[in-house]
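The values are calculated or read from the model by the stated rules, or taken from the named source; none is laboratory data. Keep in mind that what you see is a predicted model, and the values were worked out from it rather than measured. Neighbour counts are summed over all protein chains in view; Cβ atoms, including those assigned to glycine, are modelled from backbone coordinates with ideal geometry.
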Amino acid sequence: MGRAAQSLDQALAGVSDGCVLAIGGTMLSRKPMAAVRHLAASGVRDLELVTFTGSLDVEELIRAASVRRVRSSYVGLGPYGRAPAFCAAAESGAIEDREESEWMLLGRLRAAAAGLAFMPTRAALGSDLLADAGLRTVRDPYTNVELLALPPLRPDVCLLHAWRADHDGNVQLPPLREHLWDVDLLLARASRSVIVTVEHLIDGQELAREPEHTVLHAFEVDWVLAAPGGAAPTASAPDYEADAAALREAATAAA
């Protein structure tokens, strides 16, 4: 069962050198930036980052020399341009850029979450991504159709930022949820350990009055921690939108 951490030091103590670290959020929304900054300052090294679409989270950890590999379908700053630290590190060979299509990454996480040896899919068949990743195909025993066999991807630790949770680690989304939140839930369920920072840490009785908003349960979460503004300058609905001025400044400074 999850429990409320007293500090980021306590919650992130399990993130050690060489970890496979999953980071939730999508591009400029719900990135757990308070936790990421804390890790960057901690001196942790040799991380493999797994994120559906990366942005400032990847940039921050690369600038801190904490990363050996990035596994993602996209890393960039969206309307604010490229992710310059990521691009420079990938081009120089300072990090490994393991690009995966969105469906390949989702398939590998689904295999891990379901406890499967592999996930069959048509995604990426015929693309160069297969040879680059050393992936294999299988034959459907019913139709004899060739399918890609995606091996499971099980991160050691998953970092998420969410709307609110109680002290036991039951996590809720706002009523107007983004569909890409489902990727965060998949990351959590594929990972060995889950840490969630939240805008609001509330009493369990208050949370129970709106059970329909609960998306992760206490038995799925290891640590929960109050971190108001913890996604900034990325967005965290419904509390704040992305800070355009701060993002432009970050892109310029990084460049």
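Structural remarks
- Listed by position, the helices (runs of 4 or more DSSP H) enclosed by region 54-122 that each have at least 2 residues that are buried (at least 16 other Cβ atoms within 10 Å of the Cβ) and more than 18 Å from the chain's Cα centre (by Cα) are 84-92.
- Within region 19-38, being in contact (Cβ under 8 Å) with a residue 40 or more places away in the chain and outside any strand (DSSP E or B) holds for C19, G24, G25, M27, L28, R30, K31, P32, M33, A34, A35, V36.
- Some residue of region 144-161 being more than 18 Å from the chain's Cα centre (by Cα) and closer than 22 Å to M27 by Cα: no
- Meets criteria (exposed (fewer than 15 other Cβ atoms within 10 Å of the Cβ), touching a strand residue (DSSP E or B) at 6+ places or on another chain (Cβ under 8 Å) and among the acidic types (D, E)) for E212: no
- Residue within region 138-153 that is surrounded by fewer than 18 Cβ atoms within 10 Å (Cβ to Cβ), under 25 Å from R110 (Cα atoms), of a type in the set (S, T, Y) and in the same structural domain as L28 (by TED's automatic domain parsing) present: no
- Sole exception among (1) touching a residue at least 12 places away in the same chain (Cβ under 8 Å); (2) of a type in the set (D, E); (3) under 22 Å from P32 (Cβ atoms) for D182, by number: (1)
- Screening H161, H217 for residues that are surrounded by 15 or more Cβ atoms within 10 Å (Cβ to Cβ) and not β-branched (V, I, T) leaves exactly one candidate, H161.
- Matching option when the condition is modelled with pLDDT under 95, farther than 29 Å from A251 by Cβ and in contact with a Phe, Trp or Tyr (Cβ under 8 Å, 6 or more places away or on another chain), among A123, A131, A111: A123
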